[in-house]
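Okay, structure first, notes after.
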Amino acid sequence: MSAQQARVIAVVNEKGGVGKTATVINLGAALSKQDKKVLIVDMDPQFNATHGLGVELDEDALTTYEVMVGDDDLDPADAVVATKWAGLGLVPSHVDLAGAEAELMDQPGRENRLKRLRPLEKDYDFILLDTPPSLSLLTINVFTFAKEVLIPCQTHPYALKALDDLLDTIELVRENINPDLNITGLVPTFYDPRTRVSRGIMELLQADERFEGKIFDTVIRSNATIAESAWKQKPVVFFRSRSYGALDYTNLAKELLKRGNGKKN
């Protein structure tokens with residue numbers, strides 16, 4: 001672990017079904033295989049990242065719900081649980097997180113609650129934040145805490161259309177809350193070079209001036225092994241290391257390490 005603080009990356013798309021949680025889990029695992037210390041923070045009340053990492057919580061376990069609404073003296077390190085894989089930690093989620101927005105509605109500084117995890121930055125190389133597939137106070141907290149945004153985008157027309165709203169949201173957050181938030185890159189997912197749709201969407205993304213220099217060379221190809229590994233609650237790089245899914249996420253991790261943090265010159 002270097003002396004510098006973790007790269008805090010929000011993996012975000014307001015459209016569901018684009019491979020967001022799969023990217024959080026599998027990119028995090030691939031980074032850990034590159035000898036990086038990684039913390040995954042599950043900010044989705046559906047707790048798919050928690051489930052996907054095979055973590056079963058004790059009744060008294062702390063989760064992102066407690067991070068958001070708990071007492072100010074909460075030690076964020078107490079919310080970290082180990083996974084089965086070295087170098088890969090988790091702040092788990094719980095269905096109770098769905099009620100956090102209502103509980104915090106009238107609280108001052110409610111958009112800053114996730115910053116309570118800031119002391120953990122010194123302990124990790126990467127903190128990857130999974131988000132709900134909608135714009136909410138939870139998502140705003142993620143944007144406020146994060147320094148980088150990674151956007152998984154399914155190579156499908158509906159997913160492409162949803163990017164407009166997401167980019168507007170990011171720009172509003174940069175202007176009003178977190179000027180340090182930058183888009184590190186967009187990762188095409190569910191890519192199938194055999195289909196005209198996938199190829200066409202890739203061409204549109206590459207021609208879009210808003211993403212100039214931001215589209216990763218690595219694409220996540222449609223691969224049944226990724227879904228199978230999720231069913232088995234095991235990241236694909238540990239589940240079947242020679243599959244296309246494992247290869248793609250390994251390449252994505254290596255490319256992310258080579259890229260900067262998305263800051264503009």
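Annotations
- Only Lys, Arg, Asp and Glu carry charge here, each on its Cβ (+1 for the first two, -1 for the last two); on that basis the chain has a dipole of about 1580 debye about its Cα centre.
- Per-residue 3J(HN,Hα) values for region 192-204, derived from phi via the Karplus relation 6.51 cos²θ - 1.76 cosθ + 1.60 with θ = phi - 60°, read 10, x, 7, 9, 5, 5, 4, 5, x, 5, 4, 5, 5 Hz in sequence order (x marks Gly and Pro).
- Ranked by the mean number of other Cβ atoms within 10 Å of their residues, highest first, the peptides 33-45, 53-65, 229-241 fall in the order 33-45, 229-241, 53-65.
- Å² of accessible area per residue within region 141-245, as computed with a 1.4 Å probe and no ligands counted: 52
- For region 114-265, the square roots of the Cα gyration tensor eigenvalues, ordered a ≥ b ≥ c, give a/c of at least 1.5 with a/b no greater than b/c, which places it in the oblate category.
- Net charge of the neighbourhood of Thr189, taken over other residues with C-beta under 10 Å away and scored Lys/Arg +1, Asp/Glu -1, is +1.
- Taking every alpha-carbon pair under 8 Å whose residues sit at least 6 apart, the chain reaches a relative contact order of 26 percent.
- Evaluated at q = 0.15, 0.17 Å⁻¹, a Debye calculation over the C-alpha positions of region 1-139 (equal weights, vacuum) places log10 I(q)/I(0) at -0.69, -0.90.
- Using only Cα coordinates, the Kirkwood hydrodynamic radius of region 90-175 works out to 14.6 Å.
- Under the convention that each Lys and Arg Cβ holds +1 and each Asp and Glu Cβ holds -1, the size of the dipole of region 82-190 around its Cα centre is about 320 debye.
- Here the accessible area is traced with a 1.4 Å probe on the protein chains. For the chain, carbon and sulfur cover 47 percent of it.
- Based on the reciprocal of the average 1/r between different C-alpha atoms, the Kirkwood radius for the chain equals 18.5 Å.
- Gyration tensor verdict on region 1-41 (Cα atoms; rounded if a/c is under 1.5, prolate if a/b is larger than b/c, oblate otherwise): oblate
- All other residues whose Cβ lies under 12 angstrom from that of Asn48 are scored, Lys and Arg at +1 and Asp and Glu at -1, for a net of -2.
- Rounded, prolate or oblate (a/c below 1.5 giving rounded, otherwise prolate when a/b exceeds b/c) for region 194-236 by Cα gyration tensor: oblate
- Neighbourhood net charge (12 Å Cβ-Cβ; Lys/Arg +1, Asp/Glu -1) for Thr64: -3
- In the chain, taking the dipole from charged Cβ atoms about the Cα centre, the farthest positive-side position among Asn251, Tyr65, Gln107 is held by Asn251.
The values are calculated or read from the model by the stated rules, or taken from the named source; none is laboratory data. Predicted model, so just to flag it, every value in this text is computed and none were measured. Neighbour counts run over all protein chains shown; Cβ positions are idealised from the backbone, glycine included. We work out accessible area using only protein heavy atoms, side chains counted, and drop any ligands, DNA or RNA first. Shrake-Rupley method; radii C 1.70, N 1.55, O 1.52, S 1.80 Å.
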